[in-house]
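The values are calculated or read from the model by the stated rules, or taken from the named source; none is laboratory data. This one's a predicted model, so the numbers in the text were calculated from it and none came from an experiment. When we count neighbours, we look across all protein chains shown, and the Cβ atoms used for this are built from the backbone with ideal geometry, even at glycine. For accessibility, only protein heavy atoms count, side chains too; no ligands or nucleic acids. Shrake-Rupley method; radii C 1.70, N 1.55, O 1.52, S 1.80 Å.
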Amino acid sequence: MAGVDTAALRTTVNGTWDSDILPSLSDLVRIPAVSKLFDPNWPVTGHLDRAAEHLRAWLSAREIPGATVEILRLPGLTPVVLMDVPASEDMPSDGGTVLLYGHLDKQPPVGGWSEGLDPWIPVIRGHRLYGRGAADDGYSGYAATSAIEAVRATGGRHARCLVLLETSEESGSPDLDAYLEAYRARLGDISLVVCLDAGGQDYERLWLTTSLRGLCSVTATVTVLESGQHSGTASGVVPSSFRIFRQLLDRIEDSRSGEILLPELHGDLPADRAGEMKALADVAPGAAANAFPLVEGMSAAADSDYELMVNNAWRPTLSVIGAAGLPLPEDAGNVLRPFTTLTLSFRLPPLVDAHAALAAVKRALTTDVPYGAKVTLSREETGPGWNAPSTADWLQKALDVVSTEVFGGNQCVPLGLGGSIPFMGSLGEAYPNAQFVVTGALSSDSNPHVPDEWLHIPQAKRVTESVALILNAHAEAHQA
């Protein structure tokens, strides 16, 4: 790629990661900065603020010429770290702005980590950095910043760059729209968005996320008694709260097939996205079914790789992600329990209205409840999905260079993801003319959200190189 010494780029990136990034990222792992949904008292516990300050201090110490770094704060909202890097000296004033996005908040630690590992203690074993938030998504701010530094150090150029690191993504980014609105004039006209909160199915190439599902979730409680009663005397007289919950769920999901029955949660599959998934099914047969550690003898939800990918990226699904009112088996007595609580998490097709979907779920749970049982709802959450715009010629050429120079000829692969990054939907609406590169160092075995989360360090370095080359290509395309 013109202007960039790719050999020097790799050396520069590797050196920065080994000497500067890994020690600081390890310290970030130690901060239990769980997202506000899981720590409602976050202003008092202070962990999200500690994570933001940790990155602010590291970014400030980089001493990129002309760069400013600060923590943005709006009343009552989680903090946002923003670094503003001016364009290279030879760039025109209208050369566009690149927004590089990541997040610092984390999922809860959860139990079951392997021997010698802990969510808040960083451990490096070979090419893996273990710890909560290492891969999802603590590395992203470091990678974005070192990509800017590397392109400057190796003969390339870049447009104005904004590194934006939020602290509410794992709660559905409820605070970020307010920041976008409050700072819209300052952010300017975004022409390229780089998000490093994604990944793919292996570590051999750059995976490009072309769609993300939306989400809605709600915690529902079915109550049948003021207090628990002896099951021998009450059963048959008082309907079980669990049985009533089963009936309510039957309105929403076909338990045999997993099909969601509410039309408000369904959306059309665009022809280009269907084509991408068919092509990927031909290139990597069996990859979708073998991506996860199924127990011996179990099969995936469909026989076709294509159907599995459509299920995951463009169809709605329900996961029950939490429960209360159920004692542990060893503590269970002969009691007809007074209530059952379940947290229902729905992944939605990318173009579905998440608010309308949640409203439909709430109606199904609260209308004509069997036996007149009491249903209460809490912890509601929504997040928009996202579908990528068509890839510009300059970006496609840059991706071809990345495939050759960084990944040894392995072509970049487009992929629809079943996960959610709500901010991408907000950005897509705010900047309809921007190009998007949504990628990252994650693969299906990186264990985000579950025990033994780990970052593939060599892939994180390659992603950093890739971002540097894309920044340079963007600058060349937008030079007057």
Report summary line: Those residues of the range 33-48 which are closer than 24 Å to residue 441 by Cβ, part of a loop (DSSP other than H, G, I, E, B) and either touching a Pro at 6+ places or on another chain (Cβ under 8 Å) or without any contact (Cβ under 8 Å) to a residue 40 or more places away in the chain (or both) amount to 38
Query raised in the report: Which of the residues spanning the range 4-32 are open to solvent by 50 Å² or more (accessible area, probe 1.4 Å), within 27 Å of residue 404 (Cα to Cα) and part of a loop (DSSP other than H, G, I, E, B)?
Result: 5
Report task. Kindly indicate whether residue 267 is out of contact with any Cys (no Cβ under 7 Å at 6 or more places or on another chain), surrounded by 14 or more Cβ atoms within 10 Å (Cβ to Cβ), of a type outside the set (A, V, I, L, M) and touching a residue at least 40 places away in the same chain (Cβ under 8 Å). Result -> yes
Report task. Any chance you could count how many residues in the range 346-388 are open to solvent by less than 60 Å² (accessible area, probe 1.4 Å), more than 30 Å from residue 237 (Cβ to Cβ) and either part of a helix (DSSP H, G or I) or not aromatic (Phe, Trp, Tyr) (or both)? Result -> 18
Query raised in the report: If residue 432 passes every condition in (1) under 24 Å from the mean Cα position of the chain (by Cα); (2) surrounded by fewer than 19 Cβ atoms within 10 Å (Cβ to Cβ); (3) in a strand (DSSP E or B) but one, which one does it miss?
Result: (3)
Report summary line: Selection over the range 239-261 where residues are among the hydrophobic types (A, V, I, L, M, F, W, C) and farther than 11 Å from residue 317 by Cα yields a count of 5
**Report entry** So residue 312, is it farther than 22 Å from residue 240 by Cβ and of a type outside the set (A, V, I, L, M, F, W, C)
**Finding:** yes
Query - Index of the failed condition, residue 100 passing every other in (1) in contact with a strand residue (DSSP E or B) (Cβ under 7 Å, 6 or more places away or on another chain); (2) open to solvent by 10 Å² or more (accessible area, probe 1.4 Å); (3) not in a loop (DSSP other than H, G, I, E, B) - result: (2)
Query raised in the report: Is at least one residue of the range 206-224 under 30 Å from residue 68 (Cβ atoms), at pLDDT 95 or above, touching a His at 6+ places or on another chain (Cβ under 9 Å) and open to solvent by less than 10 Å² (accessible area, probe 1.4 Å)?
Result: no
Query raised in the report: Can you name the residue in the range 75-86 that is touching a helix residue (DSSP H, G or I) at 6+ places or on another chain (Cβ under 8 Å) and open to solvent by less than 40 Å² (accessible area, probe 1.4 Å) and is also nearest to residue 472 (Cα to Cα) among such residues?
Result: 85
Requested in this report: State whether one or more residues within the range 409-419 are over 24 Å from residue 282 (Cα atoms), open to solvent by less than 40 Å² (accessible area, probe 1.4 Å) and either in contact with a Phe, Trp or Tyr (Cβ under 7 Å, 6 or more places away or on another chain) or touching a residue at least 40 places away in the same chain (Cβ under 8 Å) (or both).
Outcome: no
Query raised in the report: Given the conditions (1) touching a Gly at 6+ places or on another chain (Cβ under 8 Å); (2) in a helix (DSSP H, G or I), which single one is not true for residue 427?
Result: (1)
Query raised in the report: How many residues are closer than 13 Å to residue 187 by Cβ and either at pLDDT 95 or above or part of a strand (DSSP E or B) (or both) if we restrict to the range 86-97?
Result: 1
Report task. Sort out which residues of the range 49-69 are outside any helix (DSSP H, G or I), over 18 Å from residue 139 (Cβ atoms) and either out of contact with any strand residue (DSSP E or B) (no Cβ under 6 Å at 6 or more places or on another chain) or open to solvent by less than 30 Å² (accessible area, probe 1.4 Å) (or both), and write them in order of number. Result -> 63, 64, 65, 66
Requested in this report: Can you work out which of the residues in the range 225-246 that are open to solvent by 40 Å² or more (accessible area, probe 1.4 Å) and out of contact with any strand residue (DSSP E or B) (no Cβ under 8 Å at 6 or more places or on another chain) is nearest to residue 172 (Cα to Cα)?
Outcome: 246
**Report entry** Unique residue being buried (at least 19 other Cβ atoms within 10 Å of the Cβ) and either over 22 Å from residue 213 (Cα atoms) or at pLDDT 95 or above (or both) when the list is 320, 310, 295
**Finding:** 310
Query raised in the report: If you go through the range 392-408, how many residues are open to solvent by 40 Å² or more (accessible area, probe 1.4 Å) and not hydroxyl-bearing (Ser, Thr, Tyr)?
Result: 7
Query raised in the report: So is residue 116 open to solvent by 50 Å² or more (accessible area, probe 1.4 Å), free of Cβ contacts under 8 Å to residues at least 60 places away in the same chain and not in a helix (DSSP H, G or I) or not?
Result: yes
